Amino acid sequence: MRIGVDYYPEHWDRAFWAQDADLMKKTGVKLVRLAEFAWCRLEPREGEFDFAWLDEAVALFAARGIDVVLCTPTSCPPLWLYEKHPDAVMVEKDGSLTRTGIRGHRCINHPAVRKYSQRIIERMTEHYAGNKAVVAWQIDNELEAYFCFCETCNARFRHWLKKKYGTLEALNRAYGNVVWSGEYSSWEQIQPPYGHYPDAWMNPAFMLDYSRFASENVIGFSDWQAEIIRRKCPGLPVTTNVWFCGHMPDFYRQFENLDFIAYDNYPTTRLPEDPEECYTHAFHLDMMRGVKRGGFWVMEQLSGGMGCWAPMARMPEPGMIKGYALQAFAHGADTVVHFRWRTANIGAEMHWHGLIDHSNVPGRRFDEFADLCREAETLHQAQGAEIRADVAILFSFENEYAFKIQPQTNGYYYLEQLQRLHAAFTRLGMNVDIIGQHESLEGYRIVCAPEMYVTDMNVVRRLHDFAAQGGTVILTTRSGVKDENNNAIMAQLPTVYRDMVGAFATEYDPIGYDHVPVCFADGAKARGRQWCDVLETEGAQALACYDGEYFRGKAAVTRNGYGKGVVYYIGTVGDQALYDKLVRDAVTEAALEFIPGLPAHVEVTTRKGDGCAFRFIFNNAGQEQRFTLDGVEITLAPFEMKVITIQRTDC
Ligand code: GLA
Ligand code: ZN
């Protein structure tokens, strides 16, 4: 496991650089990330480049055996660029220009931004090509699928639509523009979603396309940068860092052309009131591993209390700095880079804490980080070891966008059912992959396809085939609702999945914050919330029924034999008990290995190496836990990770 830090030489007096690099070396830091916001120091005036300071910093690290990741600084063009091109900023929803003064103001499509970005990237990559200390490039920083309403972006959107639909007739039909007299009679009439209205007030077909367009825009920008970097500095891996932001680009497509995915991992420092939420960190990490179906990096890892964008949060409790980093490793992050070495004492982020406080006196968190670096050295054997899972959960950015455009009911959000299913498998100590809906399903035994809302017929067919050939599919409510244009499918739900589910909804009730008891045939009890499909079986067996409301006695959860396989359908948004019960039954039926009786908050992940496997046992809780695993008594301190090496006989 390789540990790094994010470092900003441009924020510190030169006198600190060597001291910091010395301490990093002594502590066991193997890598630094530099320069993602440093354009004004790399090109202080138009066409005047200064790499001397960065050379000096890179050389200091190189001399201490510390590798460097360099970033293209395009997130923050210098103010001289905006002075010359005042319209190179993004345009807001109300048509006004974004004001400079924070960061990330630029429109990534503006010709001036492209021109100057190209030049700084070319200069930088040429300059560092062949420098042995530089081991990877990061493009920009946390690229989001921004909605920019400038004329350049608007023209691109019209062009994108022309390419997709060819004619206005086809476009009007796909969007159902006859509603509210919205039919376009010329391409020029097409406007982005201006105005501060909720997205749900707009045409959902139009909004889904606009979200797709925004995603493709940012993917185009990162592809464009990757091409320049590879041309000028061949041989080095290229990535960019992502997070779960409001407008996520489609990571599966974005990373097709990049070498690995890097994630910014800030697990909460205040333990959630809902104990189930503790598994969300593992969910995010599994999702990152699923993007390229292999190892990933954490490019920014929690190092101190978060602040500045919001009031300051709790400091990491003892054990969190080390435990959360090891948790990332357990889920496939072979490199974890901590944000940041030292807390900034200037600028807007001075309350987003690094490993060392403003005082520059290393304290409790730093000591724990040093301990992590020591432990990381001992884990070299597990570096790159594979994570194999029998279970996959499908994720779709189309659904992510569509559910944001049209929230379904009070309390409903796309990720919840995915996370609850993930938590149910995690509680059984099983590895889980979260993969894109277009990925191959080969090798899996159980595929969860929750909320398959926007329909892609290829995916529907592959799920049918998977079940027919003997796999288990777990489907949930809000599946088969929309066609590929985000218009409602005119059939009883779950429409295109009805035959494999062996049941259909005679009606549904979005119960929002209300809830209704759900009883399993064997007496197990759970609760339905947010949404209730009132199901009628046509071949399936009713596993659980509603025990309340006017649909008391109607099926809520079903099981159907389909071909050689099995299809479960969950017609409500359950509490965790519902998923735990169903998942345990499905896993038992599929005869998969699991660990019964793991205490809540204990996560077990297995990575398989050559000749041996590594079992990571993590206590994701603030209390000590004692339990027996394979006949061995285990005690874990809060946030402690134990790694057990098992000799394998199967390889
Ligand atoms: C993000 C950014 C960083 C920094 C941190 C903390 O992850 O990438 O530049 O702003 O958040 O706020
Ligand atoms: Zn724009």
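The values are calculated or read from the model by the stated rules, or taken from the named source; none is laboratory data. Here the structure is a predicted model, which means the values were calculated and not measured. Here Cβ is always computed from backbone atoms with ideal geometry, including for glycine, and neighbour counts include all displayed protein chains.
Miscellaneous remarks
- The set of residues from the stretch 621-642 being in contact (Cβ under 8 Å) with a residue 24 or more places away in the chain, assigned to a strand (DSSP E or B), out of contact with any helix residue (DSSP H, G or I) (no Cβ under 7 Å at 6 or more places or on another chain) and not polar (S, T, N, Q) comprises F627, L629, L636, K642.
Table: residues versus (1) in contact with a helix residue (DSSP H, G or I) (Cβ under 7 Å, 6 or more places away or on another chain); (2) surrounded by fewer than 21 Cβ atoms within 10 Å (Cβ to Cβ); (3) modelled with pLDDT of 95 or more.
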| position | (1), (2), (3) |
| --- | --- |
| S222 | yes, no, yes |
| I229 | yes, no, yes |
| T239 | no, no, yes |
| F244 | yes, yes, no |
| F251 | yes, no, yes |
| Y263 | yes, no, yes |
| T269 | yes, yes, no |
| E273 | no, yes, no |
| M288 | no, no, yes |
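- Of residues in the stretch 117-172 being over 30 Å from the mean Cα position of the chain (by Cα) and of a type in the set (S, T, Y), the one farthest from E484 (Cα to Cα): Y128
- Exactly one residue out of D367, D357 is of a type in the set (D, E, K, R) and either free of Cβ contacts under 8 Å to residues at least 12 places away in the same chain or within 16 Å of ligand 2 (Cβ to nearest atom) (or both): that is D367.
- Every condition in (1) among the β-branched types (V, I, T); (2) closer than 25 Å to G95 by Cβ; (3) buried (at least 16 other Cβ atoms within 10 Å of the Cβ) is met by V179 except one, and the failing one is (3).
- Among the residues making up the stretch 522-561, those that are under 18 Å from P494 (Cα atoms) and among the aliphatic types (A, V, I, L, M) are V534, L535, A540, A542, L543, A544, A555, A556, V557.
- Residues located in the stretch 549-575, provided they are in a loop (DSSP other than H, G, I, E, B) and crowded, with 16+ Cβ neighbours inside 10 Å: E549, F551, K554, G571, D575
- The stretch 598-620 - residue that is assigned to a loop (DSSP other than H, G, I, E, B) and in contact with a strand residue (DSSP E or B) (Cβ under 8 Å, 6 or more places away or on another chain) and, of those, surrounded by the fewest Cβ atoms within 10 Å (Cβ to Cβ): G611
- Residue that is farthest from the chain's Cα centre (by Cα), among those in the stretch 464-518 that are crowded, with 19+ Cβ neighbours inside 10 Å and polar (S, T, N, Q): T495
- The condition (being modelled with pLDDT of 95 or more and under 22 Å from L578 (Cβ atoms)) is satisfied by just one residue among Q408, Q437: Q408.
- Looking only at the stretch 80-105, and only at residues there that are closer than 23 Å to E48 by Cβ and assigned to a loop (DSSP other than H, G, I, E, B), the one that is farthest from ligand 2 (Cβ to nearest atom): R103
- Residue satisfying all of: in the stretch 273-320; basic (K, R) and within 14 Å of the chain's Cα centre (by Cα); nearest to ligand 2 (Cβ to nearest atom) among these: K292
- Residue ID - nearest to ligand 2 (Cβ to nearest atom), chosen from residues in the stretch 152-171 that are without any contact (Cβ under 8 Å) to a residue 12 or more places away in the chain and part of a helix (DSSP H, G or I): A155
- Taken as a whole, the stretch 441-460 holds at least one residue that is charged (D, E, K, R) and more than 16 Å from V496 (Cβ to Cβ).
- Wholly enclosed strands (runs of 3 or more DSSP E) of the stretch 1-73 bearing at least 1 residues free of Cβ contacts under 8 Å to residues at least 40 places away in the same chain: 31-34
- Residues located in the stretch 80-99, provided they are without any contact (Cβ under 8 Å) to a residue 24 or more places away in the chain and surrounded by fewer than 16 Cβ atoms within 10 Å (Cβ to Cβ): E83, P86, S96, R99
- Residue pairs meeting the criteria (Cβ under 9 Å; at least 6 apart or on separate chains; first more than 12 Å from Y453 (Cβ to Cβ), in the stretch 483-497; second of a type in the set (S, T, N, Q)): Q492/T506
- Boolean, A348 is free of Cβ contacts under 8 Å to residues at least 60 places away in the same chain and more than 16 Å from ligand 2 (Cβ to nearest atom): no
- As a summary of the residue check, T645 satisfies the conditions (1) at pLDDT below 95; (2) closer than 25 Å to P275 by Cβ; (3) part of a strand (DSSP E or B) except for the one numbered (2).
- Contacts under 8 angstrom Cβ, first residue in the stretch 300-317 being over 22 Å from Q138 (Cβ atoms), partner of a type in the set (K, R) and away from ligand 2 (no atom under 16 Å from the Cβ), 6 or more apart: G305/R314; A313/R270; R314/R270; M315/R365; P316/R365
- Note on the stretch 109-146: residues that are at pLDDT 95 or above, surrounded by 15 or more Cβ atoms within 10 Å (Cβ to Cβ) and within 16 Å of ligand 2 (Cβ to nearest atom) total 11.
- None of A174, A205, A200 is away from ligand 2 (no atom under 16 Å from the Cβ) and modelled with pLDDT under 95 except A200.
- Screening the stretch 335-389 for residues that are in contact with a strand residue (DSSP E or B) (Cβ under 9 Å, 6 or more places away or on another chain) and polar (S, T, N, Q) and picking the one that is nearest to ligand 1 (Cβ to nearest atom) gives T343.
- Pairs with Cβ under 9 Å, 6+ apart, first in the stretch 547-574 and on the phi > 0 side of the Ramachandran plot, second hydroxyl-bearing (S, T, Y): G553/Y546
- Residues that are of a type outside the set (S, T, Y) and crowded, with 16+ Cβ neighbours inside 10 Å within the stretch 65-79 comprise I66, D67, V68, V69, L70, C71, P73, C76, P77, P78, listed in sequence order.
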